[in-house]
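To keep things clear, I will list the structure first and then write my remarks on it.
Only the coordinates and a few stated rules stand behind these numbers; no lab work does. The shown structure was predicted, so the numbers you read here are calculated from the model rather than taken from an experiment. Glycine gets a Cβ as well: all are built from the backbone with ideal geometry, and neighbour counts include every protein chain shown.
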């Protein structure tokens, strides 16, 4: 096991965190605590997550934007000691294209953004890719990284 571990988070993980989902928030907070305490582990996501995480559930429900919610969204990306953003680059685009091509042979139909997230996880050498999109779990076959729901060593009890 490497000395420091990289966990790649799909945009939907940040959305669940932002929305304080009662079924997922304890696990996500525990993971963030573990990473902060380790001082060496890190969460990485693609810059496209900044686009995909565009509003909170309350804003969408009410069809009204809130500066407070936008501030919370912006704050997600502000601690580079925990969360690092990887830019889309040529190498990632070629990996994403390979994933799309190999998926086509298997009759899988990933979305382009999903292929970019999978490719980014492979490119950064993530130990795991965390997502709540169960359709992506099978892609571990194509990227050689475990794709699964986030799990903390010690979830918060309250």
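Tabulated values for the structure
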| read-out | value |
| --- | --- |
| Theoretical gain in end-to-end length, residue 25 to residue 101 [0.36 nm per residue, Cα-Cα removed] | 23.9 nm |
| Inter-label distance, nm, simple model (7 Å from Cα along the C-beta direction), residue 77/residue 149 | 2.8 nm |
| Proxy reagent accessibility, fewest Cβ within 10 Å first, across 114, 10, 90 | 90, 114, 10 |
| Taking 100, 88 and counting other C-beta atoms within 10 Å, the order from fewest to most | 88, 100 |
| Relative contact order %, the chain, counting alpha carbon pairs below 8 Å whose residues are six or more apart | 33 percent |
| Cβ-based exposure ranking for 104, 129, in which fewest neighbours within 10 Å come first | 104, 129 |
| For the range 1-70 and the range 75-117, distance of Cα centres in Å | 17 Å |
| Semi-axis lengths, Å, the chain, gyration tensor of Cα atoms, sqrt of 5 times eigenvalues | 25, 20, 15 |
